[in-house]
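The values are calculated or read from the model by the stated rules, or taken from the named source; none is laboratory data. Note that this is a predicted model, so its numbers are computed, not measured. Backbone-built Cβ (ideal geometry, glycine too); neighbour counts: all protein chains shown.
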Amino acid sequence: MCTAICISDKNRPKEIPQNKWLKEGQEYEIIFTTLCKPQNEVGVHLAEIDLDESCAPYEFFLLNRFAFTEENLKLLQELIKNCNDTDFSITELLEQTVLQEV
């Protein structure tokens, strides 16, 4: 698991209720990552928020809503490598990821 800080809580889809939405500046624990098709974006599942069937079609938050310390980015890399259903480049992910010093 890896802790991340929400850097964008903008543009909440109407299907996701306010009580299941992110809060900018708050820390969250990422417990699962996956590649979301057809958008070809990395999605994350959080320990604190369960996007259940009431939030359909949304199941994950986009990774680009979060920032990581350098230490936690390394943990995230390991988490992504250990996920069975990923088929994207870690290098591409790192180029798109925002580092934030905490």
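Applying the selection to the range 11-26, what residues are touching a residue at least 40 places away in the same chain (Cβ under 8 Å) and either surrounded by 13 or more Cβ atoms within 10 Å (Cβ to Cβ) or in contact with a Cys (Cβ under 6 Å, 6 or more places away or on another chain) (or both)?
Glu15, Ile16, Leu22
Listed residues Glu59, Glu41, Glu29; which is surrounded by 12 or more Cβ atoms within 10 Å (Cβ to Cβ), of a type in the set (Asp, Glu) and touching an Asp or Glu at 6+ places or on another chain (Cβ under 8 Å)?
So the residue among Glu59, Glu41, Glu29 that is surrounded by 12 or more Cβ atoms within 10 Å (Cβ to Cβ), of a type in the set (Asp, Glu) and touching an Asp or Glu at 6+ places or on another chain (Cβ under 8 Å) is Glu29.
Could you count how many residues in the range 12-53 are of a type outside the set (A, V, I, L, M, F, W, C), closer than 15 Å to Leu63 by Cβ and not in a strand (DSSP E or B)?
3
Among the candidates Thr86, Thr34, which residue alone is at pLDDT below 80 and either β-branched (Val, Ile, Thr) or under 11 Å from Cys6 (Cβ atoms) (or both)?
Thr86
Going by the structure shown, is Glu59 charged (D, E, K, R), closer than 11 Å to Ala4 by Cα and at pLDDT 90 or above?
So Glu59 does not fit the description; no.
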